[in-house]
Amino acid sequence: MPVHPKIAATFIFLALLNACSMDKFLVRSSIPLIEGGITALNAETDLKLAEESIPTNLTMLEGMISIDPENDTLRTFAAQAYYGLSYGFNEDNRRERAVNFYLRGQKHGSKALAINGLNDIEKIPMDELEANLKKMGKDDVPALFWTAGNWAKWIDHNRNSTGLMQLPRATALMQRVLELDDTFYHGGAHMYFGVYYGAKSPMFGGDFKKSEHHFDRAREITGGKLLVADLLQAQYLSRQKLDREDFHNRLTKIIEAPDDLYPELGLLNQIAKRKARMLLNKEEKWF
């Protein structure tokens, strides 16, 4: 007996829906594996191996997002991965590529925030953005942090009027991170504000005491084991203060630090060592 076309169409729809649901189930059940991979990558001290592995993992992550586009956790992982790929392996010698990756990371982070109710962060009036940020809770901290981090880095590489006008928005996101959990990602929000207040002269809104406070707090959170706090302080605050001795001493200390100083973040410490060597090569030019 022939099947009625509407019934056949319903069966096909249900089969496709079931397949889609199964794909999403498999994607979501893989999240602990992704978290384990991030932990392993953070501990990797071979920079070449890390650089080669990140694009493959990102391609896989993008594929998972295409299956489950409303998954805020996957979007946040992508924002973190694009930031790491840009800052660690492209910013210093492939600027255009880094800028593109920062933008991708910011878009993924913005989508994660939108999924959880914080919409149109690039467009809504500033007072409305700040009011909506007050509604965000501790569970939103990762998305807030990686969105703001990518956004601020993109702005730093686009120092035109359009880019700089967006900085208060990125900073508002990071301020909310500071309020909700100032220890998140090893005091990363404090490092953000250390740079924010230290990278410009007091005449243009800088505040060296606030900068020092934030860098000190970041070191307190990690017990001084995360070298990037000293790297950023030398790069931005010491340079802005024209304090050559502090600049030189901090970078030298980074280079001489033991490779196993902070095993769980060995990759970031190795990146800091490489960047410290590059900055020391600019000492004569800057001072």
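Grouping the Cα pair distances of segment 182-287 into 10 Å bins from zero gives a pair-distance distribution of 17, 48, 31, 4, 0 percent in increasing distance order. Set against the labelled values (i) 1.07; (ii) 1.00; (iii) 1.05, Rg/Rh (Cα atoms, Kirkwood Rh) computed from this structure falls on (iii). Compared with the dominant Cα axis of the chain, that is its longest principal axis, helix 167-180 is turned about 90°. Straight distance only, please: which aspartates and glutamates reach the Cα of Lys200 with their own Cα at less than 16 Å, same-chain residues fewer than 8 apart left out? By straight Cα distance, Lys200 reaches Asp156, Glu212, Asp243.
Dividing the helix sum by the residues of the chain, where each DSSP H run of 4 or more adds -39500 (n - 2.57), gives a mean residue ellipticity at 222 nm of -23000 deg cm²/dmol. Positive contributions from Lys and Arg (+1) and negative ones from Asp and Glu (-1), summed over other residues with Cβ under 11 Å from the Cβ of Asp72, come out at -2. The relative contact order of segment 1-175, computed from alpha carbon pairs under 8 Å that lie at least 6 residues apart in sequence, is 18 percent. Going down the list Lys111/Lys153; Lys138/Lys209; Lys24/Lys135; Lys48/Lys111; Lys48/Lys275, which pairs span over 25 Å between their C-alpha atoms? Listed pairs above 25 Å: Lys138/Lys209; Lys24/Lys135; Lys48/Lys111.
Values quoted throughout were computed directly from the atomic coordinates according to the rules given, and no laboratory measurement underlies them. On a predicted model such as this, the values are computed, not experimentally measured, just so you know. Note that we place each Cβ from the backbone using ideal geometry, even for glycine, and neighbour counts take in every protein chain shown.
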